[in-house]
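This report concerns only the one structure given below.
Please treat every number below as a calculation from the coordinates, not as lab data. Remember, predicted model here, so these are calculated numbers, not experimental data. Note that each Cβ is placed from the backbone with ideal geometry, even for glycine, and that neighbours are counted across all protein chains shown.
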Protein chains: 2
Amino acid sequence: MAGMPTPPTPIRLRLADNLRRLRDEREWSQEDLAAKAKLHRNQIGAMERGENSVGIDLIDKLAVALEVNVGELLD
Amino acid sequence: MAGMPTPPTPIRLRLADNLRRLRDEREWSQEDLAAKAKLHRNQIGAMERGENSVGIDLIDKLAVALEVNVGELLD
């Protein structure tokens, strides 16, 4: 998640849409998801804006917190 | 893919195993996959050793080159 934001790519937009949908289904705020995944709220916000090419280690933390397969976040 | 290598995490090991398997099924060398995904051969090698928390933009290039869903690389 380092460096300047770059324009969203299709996979970033899929991640952003899936994250918002999965949070909404659980009625979790960005803060709720951040706490469960041991991340900072700003990282969730950046992902939901497609700002970065998020690393797979972080993707796995989200999948574990949301109890979904990684494919449900990225496909 | 920047920075020093860090110990492989479970998701990196899954990516490494899936990449090798999908390459083998296609009888592609690391060079073949690198050329099709417009990456450097060294990047493929590093991923197959689990050295980095690969970014999702790069994961998507691999999935397109291999004609698989992202979940087939990471789950």
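Of all chain A residues, the closest to the A-onto-B rotation axis by Cβ, with that distance in whole Å, is A:71, 1.
Keeping to pairs on different chains or 8 or more places apart, tell me how many lysine pairs in the protein assembly as shown have Cα atoms under 29 Å apart. Taking the Cα cut-off of 29 Å, the pair count is 7. Estimated from helical segments only, the mean residue ellipticity of the protein assembly as shown at 222 nm is -19000 deg cm²/dmol, where each DSSP H run of four or more residues counts as -39500 (n - 2.57).
When chain B is described by a simple charge dipole with +1 on each Lys and Arg Cβ and -1 on each Asp and Glu Cβ, the residue from B:7, B:35, B:19 located farthest towards its positive end is B:7. Note on the protein assembly as shown: Cα convex hull, mean projected area over all directions, 8.2 nm². When only the Cβ of Lys, Arg, Asp and Glu is charged (+1, +1, -1, -1), the dipole of the protein assembly as shown relative to its Cα centre reaches about 360 debye.
The overall shape of the range A:10-67 is rounded: from the C-alpha gyration tensor, with semi-axes ordered a ≥ b ≥ c, the ratio a/c is less than 1.5.
Spatially, chain B and the range A:28-51 are offset by 26 Å when compared through their Cα centroids.
Between identical copies, the spacing of residue B:5 label points, each set 7 Å from Cα toward the C-beta atom, reads 3.5 nm from nearest to farthest. Think of each Lys and Arg Cβ as +1 and each Asp and Glu Cβ as -1; about the Cα centre, that makes the dipole of the range B:17-74 roughly 140 debye. Within chain B, the selection of entire DSSP H helices by a Cα span of 27 Å or greater along the long axis and an average Kyte-Doolittle value of at least 1.0 returns an empty list.
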